[in-house]
1. What does the charge count near A:Ala18 come to, summing +1 for each Lys or Arg and -1 for each Asp or Glu among other residues with Cβ under 14 Å from its Cβ?
2. Contour minus end-to-end for B:Tyr146 and B:Arg250, with contour as 0.36 nm per residue of separation and end-to-end as the Cα-Cα distance?
3. With solvent modelled as a 1.4 Å probe, how much accessible area in total do chains B and A shield from it at their shared surface, in Å² to the nearest 100?
4. Give the residue list of trypsin sites (Lys or Arg not before Pro) in segment A:140-211 that are DSSP loop and have at most 10 other beta-carbon atoms within 10 angstrom.
5. For segment B:100-153, run through the trypsin sites (Lys or Arg not before Pro) and keep only the ones in DSSP coil with at most 15 other Cβ atoms within 10 Å of their Cβ.
6. Suppose we keep just the alpha-carbon trace of segment B:109-247; what are its Rg and Dmax in angstrom?
7. Within segment B:1-110, which chymotrypsin sites (Phe, Trp or Tyr not before Pro) sit in a loop by DSSP and count at most 14 neighbouring Cβ atoms inside 10 Å?
8. For the protein assembly as shown, compute Rh as the Kirkwood radius over C-alpha pairs and then the Stokes-Einstein diffusion coefficient at 37 °C and 0.692 mPa s; write the answer in µm²/s, rounded to an integer.
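The values are calculated or read from the model by the stated rules, or taken from the named source; none is laboratory data. None of these values were measured; they are calculated from a predicted model. Every residue, glycine among them, receives a Cβ derived from its backbone with ideal geometry; neighbour counts consider all protein chains shown. Areas reflect the complete protein model, heavy atoms only, side chains present, ligands, DNA and RNA absent. Shrake-Rupley method; radii C 1.70, N 1.55, O 1.52, S 1.80 Å.
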Amino acid sequence: MVTIIDYGASNIKSVIKAFEHLGVDVLVTNELDLLKKAEILVCPGQGAFNQAIVALKEKGIDGLIKNHIKEGRPFIGICLGFQILFESSDENGHHEGLGVFPGHIRRFKLDDPKLKVPHMGWNLIEPTNADDCYFKNLPNNYVYFVHSYALFDLDKSLNGTKTMYGREFISSISRDNVLATQFHPEKSGESGLMILKNFLDKNGESYANTY
Amino acid sequence: MLTKRIIPCLDVADGRVVKGTNFVNLVDAGDPVELALRYDKEGADELVFLDITASSDKRAILIEFVKKTAEVLFIPFTVGGGINDSETIRDLLLAGADKVSINTAAVRNPALIREASVQFGSQCIVVAVDARRIRENSVSEYSFDYDVSPVSIDNESVWEVYTHGGRKPTGIDAVKWAKFMNECGAGEILLTSMDCDGTKDGYDISLTKKVSDSVTIPVIASGGAGTLEHISDVLDCCDAALLASLLHYRLTTVGDIKNHCQSKSVRVRL
């Protein structure tokens with residue numbers, strides 16, 4: 001069972017459909033009691049950084065996410081659900097994030113005027129660790145991005161993927177049972193589905209059965 | 001690096017894909033979901049569905065169709081056609097659409113773009129611009145309830161914005177309009193050259209380049225593709241190419257287009 005946090009982010013339908021397509025049950029909720037019991041917790045997200053943080057704090061979900069990750073339980077963050085895990089973001093002023101991992105989210109500043117912001121479309125991911133199980137067996141390394149802000153430095157404690165857009169940025173991070181992606185695996189065709197499947201294979205059934 | 005996108009566009013009426021010329025002689029061309037999956041398999045980077053349903057329960061049919069599509073399609077898709085308020089946008093996004101494309105409603109009420117881009121995020125608001133080279137006898141019958149003068153046609157204007165599927169001239173300069181929509185919060189411009197649309201003589205490169213250079217958001221070129229060369233040419237100056245008849249009549253495939261682009265050093269997802 002995958003539990004998706006519903007904190008008002010508009011389009012979570014495709015995240016739900018992607019997991020259902022992979023054959024797992026999906027629960028969508030904003031109730032703390034249900035979120036606390038989550039086997040695999042998924043934080044999707046689109047929209048503005050601070051709005052998301054405020055919405056999560058209002059419901060007390062910020063602390064729950066931190067605990068869930070601290071306890072080593074499986075967690076997936078997508079797009080804004082990736083960005084909020086870090087210390088801060090410069091989107092619409094300076095705002096604090098959940099600070100689960102070290103790092104700051106900054107706007108793309110590109111020297112080449114031909115490069116548009118948002119960074120929108122299909123781009124390549126390059127795993128920092130060739131053995132990272134979350135990025136095994138992909139038909140290709142292209143995934144779908146839509147974002148104007150990004151993480152540019154990867155803390156030594158983390159693995160992940162790097163992507164080039166005018167300059168190099170961190171397109172995902174992974175550590176043990178945590179995978180958080182700036183890109184949208186649910187919109188990245190077969191490659192995206194494979195990344196989610198890899199996560200479920202590592203953290204899914206075995207974890208579910210012992211719960 | 002970011003790749004250039006190849007985007008098949010499907011006309012949908014009453015939940016079916018239709019083919020036709022200029023909205024007449026429509027022929028049923030199949031189940032949109034099946035076609036969408038075929039284009040996905042061929043390597044399409046996104047899809048656009050243009051709803052041309054005329055019936056009164058249009059909205060319900062469209063929502064149902066979007067839901068069905070979202071169940072099985074795991075690449076981004078955009079829905080357009082007669083969208084004119086925030087509720088419809090919300091309903092379409094909740095049904096599973098990734099983006100909505102807005103044309104006439106943006107010209108009538110630019111505030112809709114401002115509001116929708118704040119409410120739902122710029123990334124899902126595509127503004128469709130239908131542009132045609134200014135004709136001397138073009139008379140705009142539009143009356144605006146906002147100050148349209150900053151975007152009006154002047155002596156240097158080359159292209160005019162049309163609405164209502166290309167039937168109504170607006171007196172608005174297409175390049176200024178694209179820039180203005182960018183400022184209002186649009187996430188992308190879907191730019192159709194009405195002069196080139198249906199000709200198969202190639203995209204309007206000068207229009208596409210001018211608009212693309214004037215905005216900071218991605219531009220999708222549409223109208224005029226007849227050969228693979230046309231597609232790789234236009235992708236030199238914009239971010240994505242929209243394809244309709246070339247693909248629907250199986251004159252080429254997404255795979256052929258991408259292989260050609262690759263051979264011309266245009267980066268695509270292969």
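1. On the way: positive: A:Lys13, A:Lys17, A:Lys187, A:Lys197; negative: A:Glu20, A:Asp25, A:Glu186, A:Glu190, B:Asp40, B:Glu71, B:Asp98.
Computed value for this residue: -3.
2. Working: separation 104, 0.36 × 104 = 37.44 nm, distance 4.46 nm.
Additional length available on full extension: 33.0 nm.
3. Buried surface at the B/A interface: approximately 2700 Å².
4. Numbers: sites: A:Lys156, A:Lys162, A:Arg167, A:Arg175, A:Lys187, A:Lys197, A:Lys202; in loops: A:Lys156.
Those that pass, being in a loop and sparsely packed, are A:Lys156.
5. Working: sites: B:Arg108, B:Arg114, B:Arg132, B:Arg133, B:Arg135; in loops: B:Arg135.
Here the trypsin sites (Lys or Arg not before Pro) that fit, given the DSSP loop and packing criteria, are B:Arg135.
6. 14.7, 43
7. Numbers: sites: B:Phe23, B:Tyr39, B:Phe49, B:Phe65, B:Phe74, B:Phe77; in loops: B:Phe23, B:Phe74.
Qualifying residues, ordered by number: B:Phe23.
8. Numbers: Rh = 23.0 Å.
D, rounded to a whole number, is 143 µm²/s.
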